[in-house]
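Here the structure comes first, spelled out in structure tokens, and everything after it is commentary.
The values are calculated or read from the model by the stated rules, or taken from the named source; none is laboratory data. Note that this is a predicted model, so its numbers are computed, not measured. All Cβ positions, glycine included, derive from the backbone under ideal geometry; neighbour counts span all protein chains shown.
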Amino acid sequence: MLYDAADVRHQVGIGQASVVIQSAPSITGPWTDLETPTTSDEADTLGAYGALVTPERSTYYCARFVGGPGSLYIDALSEFVKVSVRPLLGVPRAPSSVKRGRSFTVYGSLKPQFPAGQKTVKVKIHRFKDGRWVYLRQVSATNADNGASTRYAAKVRLKVRGKYRFTAYTVRTTSWAADSTKPSAILRVR
């Protein structure tokens, strides 16, 4: 819905008018024009408009109408809408069996590509104890380039025999929503 820029309580008609869809990485901008959808055919009505966008990271959107000379309408701006995007986080992988006290790597994929060397992903370690899965601790995984995606990896050492599994998660940032995975396959420490 568009509102009068001078008085946000009044809706602005957009029948047979142009509306520009804009995006920005933050609410303060910078704003970029994306497209100009066609509105409904009825003049002097509230009309309707739509746009299809596919954000690659969390993005703010708004619709802007510029009345222009000779227009019945004045400049108007929609409410801001934030679309949060989750990274695609792959389920952690580990060997099926390791010796107690030996280090091994837990790894997985992360899309899109995140900067190499950063610790974007945390890996949680769970142990099967007394008939249930118990959270033990977490370790930070380091990013590495892997084509158009990122490979995350963490070195782990377990000193107690038993069954283990891992989950991975990313925290919310200004660019990305948080995400977490399902548990990995079971690892046996012997």
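Table for the structure above
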{"read-out": "Long-range neighbours under 8 Å by Cβ, at least six apart or interchain, first residue at positive phi and assigned by TED's automatic domain parsing to the domain that holds S26 within the range 50-61, second in a strand (DSSP E or B) and hydrophobic (A, V, I, L, M, F, W, C)", "value": "none"}
{"read-out": "Output for the range 57-78, where each listed residue is modelled with pLDDT of 75 or more and either loosely packed, with under 15 Cβ neighbours inside 10 Å or assigned to a strand (DSSP E or B) (or both)", "value": "T59, Y60, Y61, C62, A63, R64, F65, A76, L77, S78"}
{"read-out": "Residue match in the range 98-106 (condition: surrounded by fewer than 12 Cβ atoms within 10 Å (Cβ to Cβ), assigned to a strand (DSSP E or B) and not basic (K, R))", "value": "yes"}
{"read-out": "Members of the range 139-190 that are assigned to a loop (DSSP other than H, G, I, E, B), modelled with pLDDT of 90 or more, over 17 Å from the mean Cα position of the chain (by Cα) and not charged (D, E, K, R)", "value": "L158, V160, P183, S184, A185, I186"}
{"read-out": "Residue check, L136 under 17 Å from R100 (Cβ atoms), surrounded by 18 or more Cβ atoms within 10 Å (Cβ to Cβ), of a type in the set (A, V, I, L, M) and at pLDDT 95 or above", "value": "no"}
